[in-house]
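Worksheet: one structure, shown below.
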Amino acid sequence: MKDFLRLLADQGKLSKIQKKLSCDIEISSVLERFQDRALLFSHVSESSLRLAGNLYGSRSTLALGLNLNEDEDLLRHIADCVSRPSNKRGAESSFEDSAWNHNVSCDLTKLPILKHFPLEAGKYITAGIVAAKLPGNAGENLSFHRMLVLSKDRVAARIVPRHLDQIASSAGSKKVPISVIIGPPPAVFLSASLQTEYGLSEYKIANRLMGEKLELVSSENSDIYVPADTEIVLEGNLDYSEKVREGPFVDLTSTYDQVREQPVITFDRMHYNDDSVYQAVLAGSSEHSIFMGLPQELKIREALSKAIPKIRGINLTPSSRGYFHCIVSIHKTNDGDGKTAIMNCFAASHPLKLVIAVDDDIDPFALDQVEWALATRFQARSGIVLIDGARGSSLDPSSEKSAVTSKLGLDSTLPVKAERTKFSRAMTELTPEASSAISEIESSQGAETGA
Ligand SMILES: Cc1cc2nc3c(=O)[nH]c(=O)nc-3n(C[C@H](O)[C@H](O)[C@H](O)COP(=O)(O)O)c2cc1C
């Protein structure tokens, strides 16, 4: 992660905070106010380590971390690397070659782990990536899991039923060795958030994203590999036979998630050095939305590209955390395309609750245009798709306990043969005289306001 921090600093995109602040609610309140700005807290009351947050608060910062130029399409690049992962996970070396202090038993009190919101159960590791061995010789599975600190070497991890759950469940009563990665290179951070097929190590995607330059080192007590350029590594065991109360914790929706029984991880080793930077993600922030939304957007894009001939754009709206509401702008060639687009979005991304389909003269990112299209083109009698009792997200507080939800589609597209002049937005025409009158008004307004 250090190279990325240097890059951000060189480009003036990293604010360094010198004031000493506390892990207890204080740092999170600053992260909340500057969500699209990378922040480095140089002095933390409870720890000698520095803390970085909001590192990927905008897609352009993520693109920078992936070494993309401004004009390169981030989503297309990621989709390309996902569809053609590297054959290798990365160059491997042994633990002895790592840059961390060796033989350090775990003491989580040394790390600047945050309590983010007042009613949360305690301190939470929020940017921890769990690396666990896949069956066969397939390498490591990577996934994010929030961790409630229980003691200096124990945490409760929230594990939704995906790949880590599959690995742990198939281990039966045996403990599962894991390593937790905090502060890896950007490509590994992104890859861990992707929802790949089971059995594919996310390192192979990261290695492709990094132009085959990913370097891995072995953990000390297991053959689990972690990126060499990682700030902090914790080694331990995940135990499904021991479950404790986990929560309340504020999640993506910025609401307190329900309290659940979740498994315990016990750590026996901790690797870092004096210069290490602890990384935190503020739940519900723009950074969180980016990494939760991107995997969904990839799936929606893929499904739509097969179903609809031409797509102008897809907007997983920021207010819905890039997760629940989607606006898709399409070029229709068949009268059913609007509803087909809506169905494909819902099928591709289970958290979606609302999909609005608009014609390709509407910019899906301009919400005023989208609402105008609803006002002038949409008829509830024929344009609504309503699905009840479908799979939703456990993050939605309004869904039923088993994450069952209702879904609403609004087809605001016109019939293919609709008379366009009736529905197009009328525009005035600017003559040279009108242009100069406008300039005069603008300059006189400037003079009045002293601009
Ligand atoms: C910042 C962040 C926090 C997350 N927290 C959790 C979590 O606490 N529990 C969980 O099961 N998934 C969490 N996720 C989602 C998973 O990490 C994500 O779905 C991942 O792709 C799963 O990996 P898998 O496909 O290998 O199962 C989080 C994702 C992000 C980006």
Report the charge-dipole magnitude of the chain in Debye, nearest 20, computed about the Cα centre from +1 at each Lys and Arg Cβ and -1 at each Asp and Glu Cβ.
-> 1060 debye
Is segment 322-451 rounded, prolate or oblate when judged by the Cα gyration tensor, a ≥ b ≥ c being the square roots of its eigenvalues, rounded requiring a/c under 1.5 and prolate requiring a/b larger than b/c?
-> oblate
Treating cross-link reach as a plain straight distance, find the lysines whose alpha-carbon is under 26 Å from the alpha-carbon of residue 213, omitting any fewer than eight places away in the same chain.
-> 2, 13, 88, 133, 204
Can you give the relative contact order of segment 60-164 as a percent, counting alpha carbon pairs under 8 Å and 6+ residues apart?
-> 17 percent
Per residue, in Å², the accessible surface of the chain once ligands and nucleic acids are set aside, probe 1.4 Å = 46 Å²
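Only Lys, Arg, Asp and Glu count, each charged at its Cβ (+1, +1, -1, -1), so figure out the dipole size of segment 287-423 about its Cα centre, rounded to 20 debye.
Working: 17 positive and 16 negative charges, 67 e Å.
Taking the Cα centre of segment 287-423 as origin, the dipole is about 320 debye.
Suppose every Lys and Arg Cβ carries +1 and every Asp and Glu Cβ carries -1, with no other charges. What dipole size does segment 162-311 come out with about its Cα centre, to the nearest 20 debye? Don't jump to the answer; show the numbers that get you there.
On the way: 14 positive and 22 negative charges, 158 e Å.
About 760 debye.
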Spelling it out for residue 146: with amide H atoms placed in the peptide plane at 1.01 Å from N, the residues 5 or more places away or on another chain with amide H under 5 Å from its amide H are 158
Considering the dipole of the chain built from charges on the beta carbon (Lys and Arg +1, Asp and Glu -1) around the Cα centre, which of 380, 270, 308 is farthest to its positive end?
-> 380
Extension reserve of the residue 7-residue 365 stretch, reckoned as 0.36 nm per residue once the Cα distance is removed | 125.9 nm
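Run the numbers for residue 439 and residue 119: contour at 0.36 nm per residue of separation, minus the present Cα-Cα distance, in nm.
Working: separation 320, 0.36 × 320 = 115.20 nm, distance 5.44 nm.
The span from residue 439 to residue 119 would gain 109.8 nm if fully extended.
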Of every hundred units of 1.4 Å-probe accessible area on segment 65-275, the number belonging to carbon and sulfur atoms, as a percent, is 46 percent
Whole-Hz couplings from phi, Karplus 6.51/-1.76/1.60, listed for segment 339-351; x for Gly and Pro = 6, 4, 4, 4, 5, 5, 4, 4, 5, 6, 9, 5, x
Compute the long axis of helix 286-307 from its Cα atoms, compare it with the longest principal axis of the Cα atoms of the chain, and write down the angle in degrees, 0 to 90, nearest 10.
-> 60 degrees
Once the dipole of the chain is set up from charges on Cβ (+1 Lys and Arg, -1 Asp and Glu), the residue from the list 171, 91, 200 lying farthest towards its positive end is 171
Return a single number: how many Lys pairs in segment 310-451, at a sequence separation of 8 or more or on separate chains, have alpha-carbon atoms below 20 angstrom apart.
-> 10
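Would you mind classifying segment 265-361 by shape? Square roots of the alpha carbon gyration tensor eigenvalues, ordered a ≥ b ≥ c; an a/c under 1.5 is rounded, otherwise it is prolate if a/b is larger than b/c and oblate if not. Could you put the intermediate results ahead of the total?
Details: a/c = 3.24, a/b = 2.91, b/c = 1.11.
It comes out prolate by the Cα gyration axes.
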Once label points are set 7 Å from the Cα along Cα→Cβ at both residue 34 and residue 166, what is their separation, rounded to one decimal in nm?
-> 4.1 nm
Sequence-distant residues sharing a close amide H with residue 88 (under 5 Å, placed H) | none
So how much slack lies between residue 91 and residue 77, counting 0.36 nm per residue of separation and subtracting their Cα-Cα distance, in nm?
-> 2.8 nm
Peptides 289-297, 392-400, 375-383, 38-46 ordered by average Cβ neighbours within 10 Å, highest first | 289-297, 38-46, 392-400, 375-383
Calculated FRET efficiency for the pair residue 25/residue 174, C-beta based, R₀ 51 Å, to 0.05 = 0.85
For segment 1-95, with +1 on Lys and Arg beta carbons and -1 on Asp and Glu, the positive-most of 60, 12, 44 along the dipole = 44
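Around residue 108, with a cut-off of 9 angstrom between Cβ atoms, what is the net charge of the other residues, counting Lys and Arg +1 and Asp and Glu -1? Could the numbers behind the result be given before it?
On the way: positive: 110, 123, 152, 154; negative: 107, 153.
Local charge sum for residue 108: +2.
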Note, residue 2: beta-carbon cut-off 10 Å, +1 each Lys/Arg, -1 each Asp/Glu, net -3
Residue-ordered couplings for segment 63-70, obtained by feeding phi - 60° into the Karplus form 6.51 cos²θ - 1.76 cosθ + 1.60 and rounding to whole Hz (Gly and Pro as x), are 4, 4, x, 8, 6, 8, 6, 4
Using the Cα gyration tensor of the chain, with a ≥ b ≥ c the square roots of its eigenvalues, what is the shape: rounded (a/c below 1.5), prolate (a/b larger than b/c) or oblate (neither)?
-> prolate
Ignoring ligands, DNA and RNA, what percent of the accessible area of segment 341-409 is carbon or sulfur (1.4 Å)?
-> 54 percent
Non-local amide H neighbours of residue 322 (under 5 Å, H modeled in plane, Pro and chain starts lacking H): which ones?
-> 317
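Within the chain, what percent of beta bridges assigned by DSSP are antiparallel, to the nearest 5?
Working: 59 of 82 bridges.
Beta bridges within the chain, antiparallel portion: roughly 70 percent.
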Net charge near residue 368 (other residues with Cβ under 15 Å of its Cβ; Lys, Arg +1; Asp, Glu -1) is -1
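The values are calculated or read from the model by the stated rules, or taken from the named source; none is laboratory data. As the structure is a prediction and not an experimental result, all values here were calculated from the model. All Cβ positions, glycine included, derive from the backbone under ideal geometry; neighbour counts span all protein chains shown. Side chains included, ligands, DNA and RNA excluded: accessible areas come from the protein's heavy atoms. Shrake-Rupley method; radii C 1.70, N 1.55, O 1.52, S 1.80 Å.
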